[in-house]
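Please treat every number below as a calculation from the coordinates, not as lab data. Predicted model, so just to flag it, every value in this text is computed and none were measured. Positions of Cβ are generated from backbone atoms using ideal geometry, with glycine treated the same way; all protein chains shown enter the neighbour counts.
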Amino acid sequence: MKAAAFAYARATSVVNALELLAAHGDKAKVLSGGQSLMPAMNLRLVSPDVLVDIGGLAELRGIAVRAGVLVVGALTRHVDLLRSTDVALHAPLLRDAVGYVAHPAIRNRGTIGGSLAHADPASELPACVVALDATIVIRGPTGERRIAATEFFKGIYETALSPDELLVAIEVPIADQGSTFFFQEYARRHGDYAVVGLAARAAVAAGRFTDLRLGFFAVGDRPLLGAAAGRLINASVTPALLAEAATALVDELDPPEDQQATAAMRRHLATVLLRRCVAALLARPDLAAGVTG
Amino acid sequence: MSTPVSVSLLVNGEPIDAFVLPRLNLADFLRENLKLTGTHIGCEHGVCGACTVRIDGEIVRSCLMLTVQAQGASVETIEGLSDSGEIADLQAAFRERNALQCGYCTPGMLMTAQDLLKHLPVPDRQAIREHLSGNYCRCTGYQAIVDAVEATARMRAERPA
Ligand SMILES: Cc1cc2nc3c(=O)[nH]c(=O)nc-3n(C[C@H](O)[C@H](O)[C@H](O)COP(=O)(O)OP(=O)(O)OC[C@H]3O[C@@H](n4cnc5c(N)ncnc54)[C@H](O)[C@@H]3O)c2cc1C
Ligand code: FES
Ligand code: FES
């Protein structure tokens, strides 16, 4: 199917894009990479009257390191994240995750800003920014606001953005010496949306977690920062304690049921990922017992 | 509302100026306006890969791109890659290994395979499968396609520079 007719405006600057959005209200849609918006329009799931194309705005591009944060422009494409040495050094979780986002031809156009603004609960990058405790930078008619990634996602395809606002950048605290990361997902085929996935950041000292942030995805209506991680921090992790944390995790989750998996299967897979993550980050293969078979 | 927009781009090295409706996607523009029907359309939502073309040297889905978004860009289609001889060896390997049957997926497969070989000259089978995982083939079962890409990579590696 084809998209319904619409008018097209190529924004010449962020200010111009905001003016266009203000003029057209919720009849307008922002177009970044188009890798989620175009399929939705071709399927006639959305039919905006006006598309505001921000694809040419150089001010939204680029990756920079500033005062302890990695600033990633909204128009940074998935392939740019894969290739960036700054991302590999300072936010390796993003690099690890982005290889699981769609396929090469789609990664050449899809952007991090589009992925976060689209807020598909099965997407990799939203869970990463939650695990990394990133800040989302938003510009609107009245200026700029910053919002914690944990506050940004509101539901399926729902975020804190209003129709007259642009997501302009993501600020990620840069990884220090002690940080370690884990990323894994179950998908039917490489490049497909995850059935269940986990993006995690940890700090480990003397064999214990001093910090652990578990960003689960495809287990609810938005990325979930697993509270069960709390039990494993500053504790000696035994198989019994890990089993307790896994039970606590299952209670926290409210996964959807669809053609890919039942809710029970998603709960189970989430606990398997939890065990693998903890075993890998603590370098304790014994803790993964029973999850690899 | 929705009046035609002017767009200038290069297609297979040739400058093109046109007036197009914003909703016209690049795949339809290539096929219908320019009669470059090597670029195929399967799903129109990014899943099958039949419409893969190169924009400024990188592969993209032409069904998920508006023609107006290609303003100033250089587009290369399967006709361009074929006429320049860039993929003659890959095409020969596809024929030899029976890596095409109906041929519907073949232009997109060739585009994607050539992209892999440019970035990773000697990929293993796993890497070939991963790179091609976004391209559907209803006929071959993929095995022969992976064979053809692997064989081309080997031949290119052995060829004196
Ligand atoms: C076949 C296929 C498979 C895919 N598989 C995956 C996958 O496995 N994992 C995954 O995460 N994604 C997947 N995607 C989606 C892809 O990753 C997209 O790149 C991404 O979700 C959207 O980014 P985009 O830049 O293309 O945004 P667009 O499609 O341009 O926009 C998406 C939405 O965000 C809004 N928007 C975009 N940018 C901004 C901004 N700066 N400020 C405010 N609003 C904005 C748009 O208005 C629109 O509503 C897949 C897509 C396809 C076609
Ligand atoms: S027609 Fe473009 S990916 Fe299927
Ligand atoms: S050869 Fe028929 S779809 Fe691939």
As an exercise, use a Förster radius of 41 Å and the Cβ-Cβ distance of B:SER82 and A:THR262 to find the FRET efficiency, rounded to the nearest 0.05.
0.30
Measure of size requested: the Rg and Dmax of the protein assembly as shown, with Cα atoms as the atom set and Å as the unit; please supply both.
23.0, 69
Which length gain, in nm to one decimal place, applies between A:VAL14 and A:ALA64 when the Cα-Cα distance is subtracted from 0.36 nm times their residue separation?
16.1 nm
Based on DSSP H runs of at least 4 residues, each adding -39500 (n - 2.57), what is the mean residue ellipticity at 222 nm of the protein assembly as shown after dividing by all its residues, to the nearest 500 deg cm²/dmol?
-9000 deg cm²/dmol
Partner shielding of B:66-75, taken as the mean number of other chain Cβ atoms within 10 Å, equals 3
Sketch the reach of a paramagnetic label on B:ALA92 as a point 7 Å from Cα along Cα-to-Cβ, and name the residues of the range B:138-155 whose backbone nitrogen lies under 13 Å away.
B:152-153, B:155
Sketch the reach of a paramagnetic label on B:GLN101 as a point 7 Å from Cα along Cα-to-Cβ, and name the residues of the range B:112-145 whose backbone nitrogen lies under 18 Å away.
B:135-145
Amide N of the range A:104-129 lying under 19 Å from the label point, which is placed 7 angstrom from the Cα of A:ASP26 along Cα→Cβ:
A:117-120
Would you mind checking the tilt of helix B:106-119 against the longest principal axis of the Cα atoms of chain B, expressed as 0 to 90 degrees and rounded to 10?
70 degrees
log10 I(q)/I(0), Debye, Cα-only the range B:3-69, no solvent, q = 0.22, 0.26, 0.28 Å⁻¹?
-0.94, -1.28, -1.42
Average other protein chain Cβ within 10 Å of Cβ, residues B:54-61
5
Among the trypsin sites (Lys or Arg not before Pro) within the range B:19-90, which fall in a DSSP loop and have no more than 13 other Cβ atoms within 10 Å of their own Cβ?
B:LYS35
Which order do the peptides A:243-253, A:127-137, B:41-51, B:90-100 come out in when sorted by mean C-beta neighbours inside 10 angstrom, highest first?
A:127-137, B:41-51, B:90-100, A:243-253
Rounded to 5, the percent of DSSP beta bridges in the protein assembly as shown classed as antiparallel:
85 percent
